[in-house]
1. Out of all the residues in segment 602-612, is one or more surrounded by fewer than 19 Cβ atoms within 10 Å (Cβ to Cβ), within 31 Å of the chain's Cα centre (by Cα) and assigned to a helix (DSSP H, G or I)?
2. Which residue out of ALA423, ALA454 is more than 14 Å from the chain's Cα centre (by Cα) and of a type outside the set (Lys, Arg)?
3. Which of the residues that make up segment 206-222 are touching a strand residue (DSSP E or B) at 6+ places or on another chain (Cβ under 7 Å) and either open to solvent by 80 Å² or more (accessible area, probe 1.4 Å) or not charged (D, E, K, R) (or both)?
4. For segment 450-472, give me each residue that is over 15 Å from GLU492 (Cα atoms) and either within 11 Å of the ligand (Cβ to nearest atom) or acidic (Asp, Glu) (or both).
5. Can you pull out the residues in segment 275-292 that are of a type outside the set (Val, Ile, Thr), open to solvent by less than 80 Å² (accessible area, probe 1.4 Å) and out of contact with any helix residue (DSSP H, G or I) (no Cβ under 9 Å at 6 or more places or on another chain)?
6. Of everything in segment 525-566 that's in a helix (DSSP H, G or I), closer than 18 Å to SER618 by Cβ and of a type in the set (D, E, K, R), which residue is least open to solvent (accessible area, probe 1.4 Å)?
7. Which residues, taken from segment 245-274, are aromatic (Phe, Trp, Tyr) and crowded, with 16+ Cβ neighbours inside 10 Å?
8. Regarding segment 430-441, can at least one residue be identified that is open to solvent by 10 Å² or more (accessible area, probe 1.4 Å) and at pLDDT below 90?
Amino acid sequence: MSFKLNHSLAMGILAAGLFSACNNSTTKESGQTTESTFKVSADRFADLEVLRYEVPGFNELSAQQKELAYYLTEAALCGRDIIWDQKYKHNLRIRKVLEAVFETSKADRKSDNWKKFETYAKRVFFSNGIHHHYSNLKIMPEFDQTYFAELVNGADVAQLPLDEGQSVDQLIAMLNPVLFDAKVDNKIVDLASGIDNVVASANNFYEGVTQQEVEAYYAGKIDATDTTPISWGLNSKMVKENGKLTEKVWKVGGMYSPAIEKIVYWLEKAVTVAENDQQKKTLQLLVEYYKTGDLKKWDEYNIAWVNDVNSRLDVVNGFIEVYGDAIGKRASYESVVSMKDMEATKRIAAIAKEAQWFEDNSPIQPNHKKKEVKGITAKVITVIQEAGDAAPSTPIGINLPNANWIRQQHGSKSVSLGNIVHAYNEAGKTSPMLKEFAVSEEQIKRAKEFASLAGDLHTDMHEVIGHASGQINKGVGDPDQTLKNYASTLEEARADLVALYYVLDNKLVEMGVMPSLEVGKAEYDNYIMNGLITQLTRLNLGEHMEEAHMRNRQLVAKWAYEKGKAENVIEYVKRDGKTYVKVNDYDKLRKLFGALLSEIQRIKSEGDFKAATDLVESYGVKVDQELLKEVKDRFNKLNVAAYKGFLQPQLTAEMEGEKVKNVKLEIPENFLEQQLYFGKKYSFLPYKN
Ligand SMILES: [Zn+2]
């Protein structure tokens, strides 16, 4: 599984504490050496923004570790063509046309039409193909067919992807409906009910087969009594040959072989500089899997991978997630090269170590406290490179492997991508959201200084001591039975409240994980502002809160507002027809958070469904539609990108003969240039596979 940060939630402010994925915690800003000058935002077009991320700690790696990172990065990028072809069978041909135009066209690059062409091309590069990375719908160009023909005709013929005997005009005629007709191959993954999802989806996982045929094929193979089943269909395209269903396996010697051979080449180099025997064995198994396409090998590899816990560097590389296939069998190529985030790991360990103190000092009733509490150890990684389906749009958390039996019998790795989250937070500081919705200059200043760390600490405590805290009374069932549909909203509220209660506690200053209580105040400002105002930007007019995390945040903020009303703890401020919220008394707000935590723990411990219903329905669900309209109007004027993605760091090896002497890491600034560079350096597949 991978957790993505999507839509307007990617607006930044306080992002870390607000991720809808629960399994994440984040890195803090120390170690981000160039923080003050580092420019996070690199490009903005259509509904997209491209950001840059730093790789703190890379320079402290040993020469051997850097060499390993370099080989794994090269391996990652060598699979880039695969994701393009998997998404849609014409993607590589179209990309080659775009590249040829950029490199050889003499067209006026200042004209309106050219700008439209460039925006279209950047959107295509962002999505690894001509369908929107999130909506899955075809991206429609804003220039017309005449201009397209002009551009293609003006490009160097030798660079165009022409079939044998095909003229440039024939190529243009072939591409016209593909690019300009919204009805042709409109959606790459179509999950609509009551249709053939395999036939309706324009992805390149199947050809000439129906959903029924595919399902019958696997039904005949799968043994329901097998306790260690392979992931059927994971690494192949399914086609019909001479009336028979066949899997074209993605392996050396099979489909995508030219790219996979390169991946294997670099992985084999990585084997020679592995940090330890377990990592070496893991990488060797991955190589064997790519060479044979054997899905049993893939399982063996995954088991070795979950057991590789001592290495500083780690890599995800393969056909991993199945979201791209409407029936969830075939996996998209992706790679994430990373290293352990030592700073965040230290911070989380410090919090976990004090778990008993936090439990003993919690405002919940004594009989609901755990006598012996163990903090959950969350893991944070620093990303060095992402490729394939993981780039430019990236997950913020990864939980693998996907095979259930391996997870149960051998465990799994669940990590959050610390430096990616950090980049989102940094982008949030300059986001117009803060200026528009913060009530005062003081709040803005505090947010810029502390919101990033506050968000990190909130997430850490939510995960490490929040969910782990408290106990259920003897004889009371699990919350999913007792609290039913309110269980997850209240569980998230409980974990949030533990974090909120302690983020304003001097204990954290004493522990050295935050400099002052100002961090806690920044967190309170943001939490209340988001719970009552800014999270409304994610709703449409007429809607109320549905999603569990959103309900939880509104519940906490609204309850605190109502209960503190008499003492003006939180105040709605109206200015020039705009609504703001202001926290007037942080200490009283902390007491309110403590009181609500105690009540929600009681509800969970006693399984009090009636109280759960009252609490969530009274505070967590209903939205003032007039306020919603105001907030939406203000938000729409800001022109904030709905989706964000990332440029990738560039690793360069300084060679001494055949040996890597040193590896340099730079962070490029130009998205389009990087994409064109990737196209030149890592293009190994023909445009027809
Ligand atoms: Zn949670």
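1. No, every residue in segment 602-612 fails to be surrounded by fewer than 19 Cβ atoms within 10 Å (Cβ to Cβ), within 31 Å of the chain's Cα centre (by Cα) and assigned to a helix (DSSP H, G or I).
2. Details: ALA423 fails: more than 14 Å from the chain's Cα centre (by Cα).
Just a single option satisfies the conditions, and that option is ALA454.
3. Residues of segment 206-222 that are touching a strand residue (DSSP E or B) at 6+ places or on another chain (Cβ under 7 Å), as a first pass: 206-209, 213-214, 217.
TYR206, GLY208, VAL209, VAL214, TYR217 - these are the residues of segment 206-222 that are touching a strand residue (DSSP E or B) at 6+ places or on another chain (Cβ under 7 Å) and either open to solvent by 80 Å² or more (accessible area, probe 1.4 Å) or not charged (D, E, K, R) (or both).
4. Residues of segment 450-472 over 15 Å from GLU492 (Cα atoms): 450-457, 471-472.
The answer is ASP456, and nothing else.
5. Result: ASN276, single match.
6. ARG553
7. Start the filter on segment 245-274 by keeping residues that are aromatic (Phe, Trp, Tyr), which leaves 250, 256, 265-266.
Within segment 245-274, TRP250, TYR256, TRP266 qualify.
8. Taking segment 430-441 first, the residues open to solvent by 10 Å² or more (accessible area, probe 1.4 Å) are 430-432, 435-436, 439-441.
Then drop every residue that is not at pLDDT below 90, which leaves 430-431.
Yes: segment 430-441 contains one or more residues that are open to solvent by 10 Å² or more (accessible area, probe 1.4 Å) and at pLDDT below 90.
The values are calculated or read from the model by the stated rules, or taken from the named source; none is laboratory data. Owing to the predicted nature of the structure, the values given are computational and were not obtained by experimental measurement. Cβ coordinates were reconstructed from backbone atoms using ideal geometry, including for glycine residues, and neighbour counts include every protein chain displayed. Ligands, DNA and RNA are stripped out before the accessible areas are found, and what is left, the full protein with its side chains, is counted by its heavy atoms. Shrake-Rupley method; radii C 1.70, N 1.55, O 1.52, S 1.80 Å.
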